[in-house]
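Asker: Structure in structure tokens, see below.
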Amino acid sequence: MYNTDLPRRADLPTSAQLRRSTLIAALTAAAILIFVVLPSEYGMDPTRVGRLLGLTEMGEIKTQLAREAALDASRAGTSGDAEIIARLDRIETLIEGLASDAGANPQKDDPLAGLIQQQRQTTPAPAAQTQQQATTPTSEWRDELSFVLTPGQGVEVKLVMNEGERARFFWTANGANVNYDTHGDGGGKSVSYEQGRGVPEQAGVLEAAFTGNHGWFWRNRTNRDVTITLRTAGQYLKINRMM
């Protein structure tokens, strides 16, 4: 039977060597976290190296998809009930209208015709509806950008802003609906201002929570091309298309 000899004390690593190896391992792990994991998984790129390597865009897409999935899950539980209630309300309104019309005009053979005629009289003409819609003059804006999104495609635009600066904005999907996420990032920080699903347009004021990039991400979830038009004005250094 052969017994392995115990190592000599001189062959064992010293305390200094162990500390050096531990320090090297910790620095390597921190570098991987900062330069690879944060940009590719969370879209956070404090060193800007991740964007040069194409990892930040990957992380931003993952983060946006996660936000959309969470938004879908939160609305899935209530959308079905809301649709049923809305249908029941429409049916109840129609029945009440038929009963009211039949009581007021018992000599008529077709009470539904009277209801349809009444609906036509109370419905405003398309021209009147168009005149009532708010218009946004383009002369007041500092920048205007337009993008065409194919089905499933997303686009992100950011304003470079200092903390506390305010920028007015107006964006529209030009007759279509899109999902959007208004958020900001910079200096290792990130914030989500607002999210929406199936929204045709929006106007408001974006106030920077911290110095960095603040703006919008849109995704086309329809089955046809959608044109996004963005107009901005106010306090910001410049406007950039991020992806």
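The values are calculated or read from the model by the stated rules, or taken from the named source; none is laboratory data. In this text the structure is predicted, and so the values were computed from the model without any measurement. Cβ placement follows ideal geometry from the backbone for every residue including glycine, while neighbour counts extend to all protein chains displayed.
Asker: Taking the residues in region 15-48 that are touching a Pro at 6+ places or on another chain (Cβ under 8 Å) and at pLDDT 85 or above as candidates, determine which candidate is farthest from Arg67 (Cα to Cα).
Answerer: Ranking the candidates gives Ser21 first.
Asker: Right, here's the next one. How many of the residues in region 200-220 are surrounded by 17 or more Cβ atoms within 10 Å (Cβ to Cβ) and closer than 17 Å to Gly152 by Cα?
Answerer: 5
Asker: Counting only residues that are acidic (Asp, Glu) and under 21 Å from Glu68 (Cβ atoms), how many does region 201-222 have?
Answerer: Qualifying residue count, region 201-222: 1.
Asker: Out of all the residues in region 17-46, which are among the hydroxyl-bearing types (Ser, Thr, Tyr) and under 22 Å from Ser192 (Cβ atoms)?
Answerer: Scanning region 17-46 gives Ser40, Tyr42.
Asker: Could you say whether any residue in region 170-183 is within 17 Å of Gly59 (Cα to Cα), crowded, with 21+ Cβ neighbours inside 10 Å, of a type outside the set (Phe, Trp, Tyr) and in contact with a Ser or Thr (Cβ under 6 Å, 6 or more places away or on another chain)?
Answerer: Yes, that holds for at least one residue.
Asker: Those residues that are within 20 Å of Gly50 (Cβ to Cβ) and either without any contact (Cβ under 8 Å) to a residue 40 or more places away in the chain or β-branched (Val, Ile, Thr) (or both), I need them from region 168-192; list them, please.
Answerer: Selection gives His183, Gly184, Gly186, Lys189, Val191.
Asker: Test each condition in (1) surrounded by fewer than 17 Cβ atoms within 10 Å (Cβ to Cβ); (2) touching an Asp or Glu at 6+ places or on another chain (Cβ under 6 Å); (3) closer than 25 Å to Val148 by Cβ for Gln235 and report the one that comes out false.
Answerer: For Gln235, the failing item is (3).
Asker: Just name the residue that is nearest to Leu159 (Cα to Cα) out of those in region 221-232 that are surrounded by 14 or more Cβ atoms within 10 Å (Cβ to Cβ) and not charged (D, E, K, R).
Answerer: Here the residue is Thr232.
Asker: So, one more: Any residue in region 32-45 that is on the phi > 0 side of the Ramachandran plot sitting within a Cβ distance under 9 Å of a residue that is modelled with pLDDT of 85 or more? List the pairs, counting only those 6 or more apart or interchain.
Answerer: Hits for this filter: Gly43/Asp185; Gly43/Ser190.
Asker: Restricting attention to region 209-232, does a residue exist that is over 19 Å from Phe147 (Cα atoms) and among the aliphatic types (A, V, I, L, M)?
Answerer: Yes, region 209-232 contains at least one residue that is over 19 Å from Phe147 (Cα atoms) and among the aliphatic types (A, V, I, L, M).
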